[in-house]
Amino acid sequence: MKKHNFSAGPSILPTEVFEKASQAVIELEGTGLSILEMSHRSKEFVAIMERARALALELAGLTGKGYQALFLQGGASLHFYASALNLLERKGAYIDTGTWAHKAEVEAQFVGATEVIASSRENGYRNIPKEYVLPKDADYLHITTNNTIYGTEYFEYPKVSVPLVADMSSDIFSKEMPFDDFGLIYAGAQKNIGAVGTTLIIVCEDILGKVSHKIPTHLDYQVHIKNESMTNTPPTFAVYTCLLTMEWLKKQGGVAAIEVKNKEKARLLYEEVDRNPLFKGYADVKDRSRMNVVFNLVDESLSDRFNALWTEAGISGIKGHRSVGGYRASIYNALPIESVQLLIEVMQHFEKTV
Ligand SMILES: *Cc1c(COP(=O)(O)O)cnc(C)c1O
């Protein structure tokens, strides 16, 4: 039986995407070829790439606004470095809200000077720092919009005079955002957009081409724009799953409609975490993520009993990240509300049995 999958990533995708993607592995609709054996230069795949790039911009409300969408490789982790390489001339400013945010800044140091202008590290990354001063020589400000490990999320974004750069790996397309306030967005596909193996880049063309150093071909976003995201063989299957997921999202009513569902899922689960005396939430209430709900047992010695209960109920993937411990329920776009309700029932049943 299919499990209720709360994995932080790779994570659940819509059932329809699993079905269509598996059919395409046998034969992509009417082509006589599997998606896995098809040339990336075939007209069928070129059309998939074009539709995926256009739909990413459409869902973000950025069509015709000077932005380009790319499906590259390397994961968000490579784009920590690549984003800095494309934008950093004098200094990159960073807000440190967790492990990924910190890693982004560390990788940018391979390019040039960086400055961490605010951090919630001292506080165990339980909140999003709101106070900071942007250095005069900053080329951009980098933020991590959702902190997958600690379960914090931005709901208001910095307003700055330099390009805002964001790692949106774990909350892209989960809600409405002022996408046009961002100069560069990158997101590993495997949380909310598709199969692992590709990274979505959305970039405002105006901000590129301003650095004086040379950029190696495959890390240069301008090269990928020129080549329509086909500088070399793109990860064809992963891109196809992104297209299917984005088409599913569009059918649901897009980011505005999914936001309503995501809000409700998060509300229900946090309500139980707060109500149930056996549990406590990790992050500060005002900055709590709607994608990753991080919580702990008040009495850790009960963990074996709780773990047995949720495992038996068919729940998978709620063990916390090794750096935080406890539990993390990732409730991305594709996770049905029924799975959240089941987890809540298990928590309530646990309360009665203790
Ligand atoms: C998962 C995650 C990453 C790492 O992504 P990779 O694609 O594995 O490199 C980076 N940032 C955030 C916010 C994440 O959630």
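List of remarks:
- Estimated FRET transfer efficiency (N276, F18; beta-carbon r; R0 35 Å; 0.05): 0.60
- Choice from K280, K65, K250 with maximal GNM fluctuation in the chain (Cα, 10 Å cutoff): K65
- Radius of gyration (Cα atoms) of the range 266-338, expressed as a multiple of 2.2 N^0.38 Å: 1.06.
- As a proxy for reagent exposure, ranking Y327, Y157, Y81 by other Cβ atoms within 10 Å from fewest up yields Y157, Y81, Y327.
- Descending semi-axes in Å of the chain, equivalent ellipsoid built from Cα gyration tensor: 34, 28, 16
- The separation of the range 273-342 from the range 110-155, counted between C-alpha centres, amounts to 25 Å.
- Burial ordering of K91, K159, fewest other beta-carbon atoms within 10 Å first: K159, K91
- Length gained on full extension, A54 to D284: 79.1 nm, using 0.36 nm per residue less the C-alpha separation.
- Look at the dipole of the range 235-354 built from charges on Cβ: of T311, M291, S339, the Cα furthest out on the positive end belongs to M291.
- Within the range 15-252, DSSP assigns beta bridges of which about 45% are antiparallel (rounded to the nearest 5).
- When shorter helices are ignored and each DSSP H run of at least 4 residues is given -39500 (n - 2.57), the per-residue value for the chain at 222 nm works out to -11500 deg cm²/dmol.
- Residue-wise HN-Hα couplings along the range 30-45, as the Karplus relation 6.51 cos²θ - 1.76 cosθ + 1.60 with θ = phi - 60° gives them from phi, are x, 9, x, 9, 6, 4, 7, 10, 9, 4, 6, 8, 5, 5, 5, 6 Hz; Gly and Pro carry x.
- Fully extending the segment from M1 to N227, taken as 0.36 nm per residue of separation minus the present Cα-Cα distance, adds 77.0 nm.
- Residues with amide H under 5 Å from that of T114, placed H, sequence gap 5 or more: G92
- Using a simple spin-label model with pseudo-atoms 7 Å out from Cα toward Cβ, K352 and E29 lie 4.7 nm apart.
- R0 of 45 Å, Cβ-Cβ distance K251-R305: FRET efficiency to nearest 0.05: 0.65
- Greater than 29 Å apart at Cα, pairs in K65/K251; K2/K286; K65/K175: K2/K286
Every read-out reported here was derived from the displayed coordinates using simple, explicitly stated rules and does not represent laboratory data. Computed from a predicted structure; not experimentally measured. Quick reminder, even Gly has a Cβ in these numbers, built from the backbone with ideal geometry, and neighbours come from all protein chains shown.
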